[in-house]
Amino acid sequence: MPLRYAAPLIQQSLHDDRVMAFLCGPRQVGKTTLAKALLRTAAAYFNWDIATDRQRIMANPERFWEMEAGPGQRIVLDEIHKYPRWKRFLKGLFDAVAPEIEILVTGSGRLDVYQRGGDSLAGRYHLIHLYPFTVGELLRADRQSLRTPDEAFRAIFDHAPPAGNTAALNQIDRFSGFPAPLFAATETRLRRWRQTYRQVVVREDLRDLTRIRELGLVDQLMLLLPHRVGAPLSINALREELAVAFTTVQSWLLALARLYVLFELRPFAGKLARTLRREGKIYLFDHTLLEDPGARFENLTALHLAKACAAWTDAGFGEFTLHYVRDKEQREVDFLICEARRPYALIECKLNDAAPSPHLRYFHERLRPKYALQLLRQHATPNFLSHRKPLWLCTAARCFAQLP
């Protein structure tokens, strides 16, 4: 498999900027495969889950790597965040050996959650996210290339999409963007992968990284979440179904977000009056769990846009965040990309409605983003594109093919 879009960002962090690279993302998204592909020697890979690797690291925290990697070489530390004192360990290791070796850290836990205040590793690492495959990455022969946001959006309007974009979207829609089920492309493999994935997250990751003991109830919560996608989330409703405290459900959702099972979008308020400011929406990294076509397409769009925002931010193009917009009169647009908290692109999802959304027009007039698009999952013209000033209407496959 060719190197993926995160590879040049990792190379720049390690070789040019001389800091550690933290590669984070969902379990089984391809982090270890990518990390090993970037190693100069296969033996310089250390996994905290492997007892012998763990013992070597603990026995000689600053020099455990010497037998496998010489000066100027690179080591990978996988799942090191499961070590209770991992930040202190990495700080000491980096300060002691930074001139000698390059350090790539990978993990399915949220390595970035520790960036907030008092980060003892500040200035010693760059954070890089690896998301599941999306249409653009799947089609691109050079998967290491990354367009700027403006280049990506202009390509949607100005260039014919690459061949196979509709088939690529259908494949990801059916089998997810996770490499194992995506490239196997069979329903049997998808079902087996999904069952194993949930068991590993609940039985291993939650056990190792949290103090949660009611793992059966968390498993039940994960079964409820697909029915909550796309609407403002009511934690009270979940609390009642699970018969637990409000704060307990909050903590479980936060743990699942840290493990990249789900991600939350917060409503955008800015200077708008009468907008929702509290209720977030959740989306799943495995959208194939959703049966409702509308919610499934919205989740798939959320994944493409969240990945684009993370990739653009990691690459240094700006600070991009993803939100939704909704007011107390029930007007809503599914997604709003912001750059440095300023509206950049409004995006609405429709299964097959080619009539411009009045809500999209309404919020465009008030937010004045650079771009406003209505994406159609299905249309009689495969690569449909129409400019209904100031809005653009196009098929989702055409749009997704130009994003990271």
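Straight-distance candidates among the lysines for linking to K328, with alpha-carbon spacing under 26 Å and chain neighbours fewer than 8 residues away dropped: K271, K281, K350, K370.
Within 12 Å, Cβ to Cβ, of L9, how many net charges do the neighbouring residues add up to if Lys/Arg are +1 and Asp/Glu are -1? Around L9, the surrounding residues sum to -2. Each peptide in 370-382, 224-236 receives the mean, over its residues, of other Cβ atoms within 10 Å, and ordering these scores from highest gives 370-382, 224-236. If you take the charge dipole of the chain about its Cα centre, with +1 on Lys and Arg Cβ and -1 on Asp and Glu Cβ, which of T186, I235, L217 is farthest toward its positive end? Toward the positive end, the furthest listed residue is I235.
Take the Cα of E151, step 7 Å toward its Cβ, do the same at E66, and the gap between the two points is 4.4 nm.
The stretch 153-187 and the stretch 1-67 have Cα centres separated by 28 Å. The length gained on full extension between R192 and A59, counted as 0.36 nm times the residue separation minus their Cα-Cα distance, comes to 44.0 nm. Cross-link partners for K389 among the aspartates and glutamates, with Cα-Cα distance under 16 Å and sequence neighbours closer than 8 places in the same chain left out: D158, E348, E365.
Projected onto the charge dipole of the chain (+1 at Lys/Arg Cβ, -1 at Asp/Glu Cβ, origin at the Cα centre), which of F22, Y362, Q171 gives the Cα projection farthest towards the positive end? In the chain, that residue is Y362.
Three principal axis extents describe the C-alpha atoms of the stretch 178-268; from largest down they are 40, 32, 22 Å. Using the 1.4 Å probe convention, the accessible area of the chain works out to 44 Å² per residue with neighbouring protein chains retained. Note on H387 and A237: the extension gain reaches 49.9 nm, defined as 0.36 nm multiplied by sequence separation minus the Cα-Cα distance. Only helices enter this figure: runs of n ≥ 4 DSSP H residues, each worth -39500 (n - 2.57), summed and divided by the residues of the chain, yield -10500 deg cm²/dmol at 222 nm to the nearest 500. Taking a straight line from the alpha carbon of K36, these lysines sit under 23 Å away, with near neighbours fewer than eight places off in the same chain left out: K82, K87, K91, K307. Within the chain, what's the longest stretch lacking GluC sites (Glu not before Pro) that sit in DSSP loops with no more than 14 other Cβ atoms inside 10 Å? Longest run free of exposed loop sites: 101-213. In the chain, taking the dipole from charged Cβ atoms about the Cα centre, the farthest positive-side position among T247, A122, I80 is held by T247.
Once the Cα-Cα distance is subtracted from the 0.36 nm per residue extended length, the R266 to R85 segment shows a gain of 62.0 nm.
Computed over the alpha-carbon pairs of the stretch 342-385, the distance histogram in 10 Å steps reads 27, 49, 22, 1 percent, short to long. The trypsin sites (Lys or Arg not before Pro) of the stretch 271-352 meeting both criteria, a DSSP state outside H, G, I, E and B (loop) and at most 13 other C-beta atoms within 10 angstrom of the site's C-beta, are K271, R274, R277, R278, K328, R341. The stretch 327-404 and the stretch 213-248 have Cα centres separated by 31 Å. Taking only protein heavy atoms and a 1.4 Å probe, the accessible area of the chain is 48% carbon and sulfur.
Rounded to the nearest 20 debye, the dipole size of the chain about its Cα centre is 600 debye, using +1 on the Cβ of Lys and Arg and -1 on the Cβ of Asp and Glu.
The values are calculated or read from the model by the stated rules, or taken from the named source; none is laboratory data. Please read all numbers here as calculations on a predicted model, not as lab measurements. Every residue, glycine among them, receives a Cβ derived from its backbone with ideal geometry; neighbour counts consider all protein chains shown. Protein only, heavy atoms only, side chains kept; ligands, DNA and RNA dropped before computing areas. Shrake-Rupley method; radii C 1.70, N 1.55, O 1.52, S 1.80 Å.
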